[in-house]
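The next block holds one structure in the form of structure tokens; read it before the comments.
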Amino acid sequence: MKITKKFYGIILMLACGLAATLKAQTIYVSSANPYNVIGEYTITGATNNASLISGLNSPYGIAISGNDLFVANNGTGSGGSIGEYTLSGGTVNASLIPLSSGPAGIAFSGTNLFVANPAVGTIGEYTTSGATVNASLISGLNGPSSIAISGSNIFVSSFSTAAIGEYTTSGATVSAALISGLSGPAGIAISGTNLFVANDGNGTIGEYSTSGKSLNTSLISGLNEPYGLAIFGTNLLVVNFGSGTVGEYTTSGTLVKAALISGLNQPRYITIGPAQSSVPRIIGISVSGTTLNLTATNGPAGGTYTLLESTNVVSPLAQWTAVLTNTFGSTGSINLSTNIVNHANPVEFYILEVP
């Protein structure tokens, strides 16, 4: 029997319990101007929501911290910003960090966010609450585009100088040209002590050690303007800007699926969300007369839910009664007050059903 619904609860009158399920890791892809969206996809390539977050301003780099997704809005010549959203697409703060120039790649180290600013040649550091730690932590760069962090070191790709530089998270220079002679380096990703570089200019992925040693300069070839990179276990996901696809390969270069995700519009960057509980978090429940008051968070932003009721908690779910259907708020929340309590029943149970 195929299960097509997810059930979250169970809520006992005047008490609250949860039966959590685990949601698999999720792929997020940014599509730049004029499409201006972040799409959400399963790890097997199926579309969850091609416009999970829309109305952005030429989104480039994307990164995850906790349950929130941070987006670099590169802008269209009038500055940019870093926006914060929930993983279900709700807006937390669309302009968490206003910037005077358009940001590109972003990456986290602990709770701090590092931002590449190509136009002014800097890497800035900020907290997840948007406070500036150092807007020019690293300066004097030439068109920094992407960032990858390993331990206390930051690796930065520079499209303009065709090089990868290495710096500490405190801003010290380790090697401004750790790897040079590249061909339009864009996205970079690290797996263990290996560094992978997307060469937009010649359609290849190169592999190097984090100490700068060349391992295979054409580990993967024949790509169509490769840009963003992400590591998933022992596999490498590659955004092909030119063909509007995300390809999947092993980190040894073997093709898994050339078009894991297809039909994208000007895709740029990619990140993978952690496995997370797909259960909305019920944070409050009370009764006043015949009114049930219920609050919850972590639902799909704008998604539909149905509240089901039963006087027997062990009844098959098909026998529970649907008492109302409504939608989660823009941040995935529920703030519900409804007159459904029947005091003739000694006990009532409720459960949330989500498609």
inquiry  = Checking the condition assigned by TED's automatic domain parsing to the domain that holds residue 146, hydrophobic (A, V, I, L, M, F, W, C) and surrounded by 17 or more Cβ atoms within 10 Å (Cβ to Cβ), which residue from 223, 255 passes?
reply    = 223
note = Of the listed residues (260, 229), the one being in contact with a strand residue (DSSP E or B) (Cβ under 6 Å, 6 or more places away or on another chain), among the aliphatic types (A, V, I, L, M), assigned by TED's automatic domain parsing to the domain that holds residue 197 and within 19 Å of residue 63 (Cβ to Cβ) is 229
task = Please go through region 150-192 and pick out each residue that is over 17 Å from residue 213 (Cα atoms), surrounded by 16 or more Cβ atoms within 10 Å (Cβ to Cβ) and in contact with a Phe, Trp or Tyr (Cβ under 8 Å, 6 or more places away or on another chain).
result = 169, 184, 186, 187
inquiry  = Out of the residues in region 298-319 meeting the condition of being within 23 Å of residue 49 (Cβ to Cβ) and of a type in the set (S, T, N, Q), tell me which one is surrounded by the most Cβ atoms within 10 Å (Cβ to Cβ).
reply    = 298
query = Within region 155-187, how many residues are of a type outside the set (A, V, I, L, M) and within 13 Å of residue 121 (Cα to Cα)?
reply = 6
inquiry  = For region 323-355: of the residues being of a type outside the set (A, V, I, L, M, F, W, C) and crowded, with 18+ Cβ neighbours inside 10 Å, which is farthest from the chain's Cα centre (by Cα)?
reply    = 348
inquiry  = Residue under question is residue 119, and the condition is that it be free of Cβ contacts under 8 Å to residues at least 60 places away in the same chain and either farther than 23 Å from residue 303 by Cα or outside the structural domain of residue 133 (by TED's automatic domain parsing) (or both); does it hold?
reply    = yes
Test: residue 174 is over 27 Å from residue 225 (Cα atoms) and in contact with a strand residue (DSSP E or B) (Cβ under 6 Å, 6 or more places away or on another chain) = yes
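Evaluate the following for residue 30: is it over 15 Å from the mean Cα position of the chain (by Cα) and either outside the structural domain of residue 268 (by TED's automatic domain parsing) or crowded, with 16+ Cβ neighbours inside 10 Å (or both)?
no
Residues in region 176-189: is at least one among the polar types (S, T, N, Q) and either part of a strand (DSSP E or B) or not assigned by TED's automatic domain parsing to the domain that holds residue 75 (or both)? Outline the logic, then answer.
Residues of region 176-189 among the polar types (S, T, N, Q): 180, 183.
Narrowing the set further to residues that are either part of a strand (DSSP E or B) or not assigned by TED's automatic domain parsing to the domain that holds residue 75 (or both) leaves none.
Scanning region 176-189, I find no residue that is among the polar types (S, T, N, Q) and either part of a strand (DSSP E or B) or not assigned by TED's automatic domain parsing to the domain that holds residue 75 (or both), so the answer is no.
The values are calculated or read from the model by the stated rules, or taken from the named source; none is laboratory data. Values in this document were obtained by computation on a predicted structure and should not be read as measured data. Glycine also receives a Cβ, built like all others from the backbone with ideal geometry; neighbour counts cover every protein chain displayed.
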